[in-house]
Amino acid sequence: MSNPFNPSITHGLNVIQKILDNDKHTDGGYKVFYNVNFPPTENINGIAVVPQGLRPNTNFGVNPFTTQNGKEFLFIKGGNQHVQVSQKSDVAANLSGYISLTPMRADLTAFDRIAELEEFL
Amino acid sequence: MRILLTNDDGINAPGLQVLEAIARSLTNEKNIFIIAPSGERSGVGHCVSYNAPTQIERISENRYSISGYPADCVLAGIHHVMKDDPPSLILSGVNRGNNSAENVLYSGTIGAALEGALQGITSIALSQYLGPESKKNVKPI
């Protein structure tokens, strides 16, 4: 690929226009925003509306090093970005040649645990 | 449509130029404002300059750099640069590298879009996944 941004150059406008055509105004609560990821290939299979994924066993970490005068530093490093994931998700779509579109909210509540915790307390 | 463009890779990043070209297809030049960090701010998430002021520098017509973070850029756009006629759309990116899966939680690109949504404005984060086919052609910022 001559320019690594070619997928976003070619398809960015189309994706944004589709989002704007379907954006809904909502009153109250956390407003939805959109996360778009373009796959690392020019052979695009389409746009997939998918949830946020999770790469298994992939975490940020640190690389420590010590300077010549004895001071200790840490480089923060990311994990492997090309781990295959099985769940239907943004990362799985991207690695299969799809542009991922994920609607998101800032509300981080784990709604599936609320009833259980209420019962426990 | 008035559009605010920002990113976390910095005001000179190639992905921001991609976004500028896209924005010119959506509205006229006068309605496009670019407010981006002065340099690389990847991995800062939704960080804001809460404990120290952030410097804003006008580079040219409708183009500004911010010494702080991507979310600062959104706040600067809505509440300072464009306060008399705020943006109706915020585009953040195009990020150098993917912001899928757990990367979402670290990304300054996402942090800017999140701040835009909290301010009630339609916001889209855009990122370019790099792979074996494309990574070798990316210059470090």
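Structure summary
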read-out: Residue-averaged [θ]222 nm for chain A, counting only DSSP H segments that reach four residues, each worth -39500 (n - 2.57); value: -8500 deg cm²/dmol
read-out: Additional length obtainable on full extension of the chain from A:K88 to A:V62, 0.36 nm per residue less Cα span; value: 6.4 nm
read-out: Karplus 3J(HN,Hα) series, Hz, for segment B:7-23 with 6.51 cos²θ - 1.76 cosθ + 1.60 (x for Gly, Pro); value: 6, 10, 8, x, 4, 9, 6, x, x, 5, 5, 4, 5, 4, 5, 5, 4
read-out: log10 of Debye I(q)/I(0), alpha-carbon scatterers only, for chain A at 0.13 Å⁻¹; value: -0.76
read-out: Nonlocal amide H pairs with B:V94, under 5 Å, H built at 1.01 Å; value: B:L16, B:V18, B:L19
read-out: 12 Å beta-carbon shell around B:L89, net charge (K/R +1, D/E -1); value: 0
read-out: Peptide-level mean, for B:17-29, of C-beta atoms on other protein chains within 10 Å; value: 3
read-out: Whole-Hz couplings from phi, Karplus 6.51/-1.76/1.60, listed for segment A:38-45; x for Gly and Pro; value: 9, x, x, 8, 8, 8, 7, 8
read-out: Sorted by Cβ neighbour density within 10 Å, fewest at the top, the residues B:D84, B:D72, A:D107; value: B:D84, A:D107, B:D72
read-out: Rounded tilt (10° steps) of B:108-118 against the dominant C-alpha axis of chain B; value: 40
read-out: B:N28/A:N69 FRET efficiency (R0 45 Å; Cβ-Cβ; nearest 0.05); value: 0.20
read-out: Proxy reagent accessibility, fewest Cβ within 10 Å first, across B:D9, A:D27; value: A:D27, B:D9
read-out: Cβ-defined net charge surrounding B:A113, 12 Å radius [Lys, Arg +1; Asp, Glu -1]; value: 0
read-out: For B:S123, residues with placed amide H under 5 Å, excluding near neighbours; value: A:Y34, B:I90
read-out: Local electrostatic count, A:A48, Cβ distance below 14 Å [Lys/Arg +1, Asp/Glu -1]; value: +1
read-out: Estimated distance in nm for a label pair at A:L108 and A:N80, the labels positioned 7 Å out from Cα along Cα-to-Cβ; value: 2.7
read-out: Largest-first ellipsoid semi-axes for chain B, taking √(5λ) over the Cα gyration tensor eigenvalues, angstrom; value: 22, 17, 14
read-out: P(r) of the protein assembly as shown over all Cα-Cα pairs, binned every 10 Å from zero, in whole percent; value: 7, 30, 35, 20, 7, 1
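Computed from the coordinates by the stated procedures, all read-outs in this text should not be read as laboratory data. Please read all numbers here as calculations on a predicted model, not as lab measurements. Note that each Cβ is placed from the backbone with ideal geometry, even for glycine, and that neighbours are counted across all protein chains shown.
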